[in-house]
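Presented below is the structure to which this report refers.
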Amino acid sequence: MNNTEVDFALTIPIAPSAHRSAQTLSEQQSDPKKAKQVYLNALAVHCVDFYFQCLEIETDLAASGIWNPAVQKFMDVADLDVKDIGKLECRWLGPGQDFVSIPAEVRSDRIGYIAVEMTESLQEVKLLGFVPSTQQEKVALIELKSLDQMLEYLDELKPVNLSQWLQNVFDSGWHTVETLFESKPELQFAFRSTQVLESSASTSGNLPVRRGKLLSLERGKEQVALFVELMTTDEPDIDISVEVYPTNGQTNLPKDLQLMVLNDEGETLMQARANKTGNLLFELSGEPGEHFTVKVALGDFSVTENFSI
């Protein structure tokens, strides 16, 4: 294959300021081969950052490993931090090359990899596409997904802002219990009655804010309903409940389905497994500004939802 077959490439000019930055960074390396690598790594990161700036996607360029001479000396790193989402690795390749290399040191802690083709003149680059997290050493260009697919992927990773729920601003895909019942008449599960919830809420003087969404597992063969409920308190903390229920007339969740809550470092804080279980429930609390992830897994298949408070 020739990389001209990648028909969704986007050409971006390299700004003089990017060249100056790359030159400064490369001069910190004594090995000419390493200096060239650092130079091209820096160009790739600057160009992807410029692309995101044009799309008004917030990044943290200062957090990139390109600025650390020690990291660049011993590793091959070209990461760009996408705000509230994670690190995207910017992998450059030469003209005519039909694959992009993924060094071992960047095959973890990355939300994905964007392929950046350098032109001979180094006056412009071509953004060829991306792949999500992978353990492959080399990714053929024919395997790349388009930039539009990358933007959709990043949007899916963007955390749900729970504080906005308290202002009656809700993310797309999250519905009231009533709406889920209307859109899915066959949706049947032993959800706690509204009367009980409102009764308990009225005791504290606060009404809960509750939304749910349907999650498809095992490529659509199984489906569950995830509900998140918020309750404000007299403290800065917000009480949060996370629940998973069966759908499609089932009384129990799929056997061995797992519900997990992870912190922003990816560490598991809570974990439960269904075994003839009607629902799984976690209760937690958090302060504004904190992040957590809910993961629902069945076998090797999993769905994650990221949240910010």
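Name the single residue, out of those in the stretch 146-165 being of a type in the set (S, T, N, Q) and assigned to a helix (DSSP H, G or I), that is nearest to Ile309 (Cα to Cα).
If we take residues in the stretch 146-165 being of a type in the set (S, T, N, Q) and assigned to a helix (DSSP H, G or I), then Ser163 is nearest to Ile309 (Cα to Cα).
Assess whether Phe130 counts as being surrounded by fewer than 20 Cβ atoms within 10 Å (Cβ to Cβ) and aromatic (Phe, Trp, Tyr).
no
Counting just the residues of the stretch 73-92 that are part of a loop (DSSP other than H, G, I, E, B) and of a type in the set (Asp, Glu), which one comes out nearest to Arg107 (Cα to Cα)?
Here the answer is Asp76.
Any residue in the stretch 126-145 that is more than 16 Å from Ala44 (Cβ to Cβ) and either part of a helix (DSSP H, G or I) or of a type in the set (Phe, Trp, Tyr) (or both)?
Yes, there is a match, as at least one residue in the stretch 126-145 is more than 16 Å from Ala44 (Cβ to Cβ) and either part of a helix (DSSP H, G or I) or of a type in the set (Phe, Trp, Tyr) (or both).
Quick test for you: out of Gln28, Gln23, pick the one residue that is assigned to a helix (DSSP H, G or I) and either over 30 Å from Glu267 (Cβ atoms) or under 20 Å from the mean Cα position of the chain (by Cα) (or both).
Answer to the check: Gln23.
Starting from the stretch 103-125, keep only residues that are in contact (Cβ under 8 Å) with a residue 24 or more places away in the chain, then list their pairs with residues that are of a type in the set (S, T, N, Q) and assigned to a strand (DSSP E or B) whose Cβ atoms are within a distance under 8 Å, requiring at least 6 positions of separation or different chains.
Glu124/Thr11; Val125/Thr11
Got a number for residues in the stretch 134-183 being in contact with a Gly (Cβ under 6 Å, 6 or more places away or on another chain) and not assigned by TED's automatic domain parsing to the domain that holds Glu290?
Looking only at that region, the number is 3.
The values are calculated or read from the model by the stated rules, or taken from the named source; none is laboratory data. Computed from a predicted model, the values in this text were never measured in an experiment. Cβ atoms come from the backbone with ideal geometry, glycine included; neighbour counts cover every protein chain shown.
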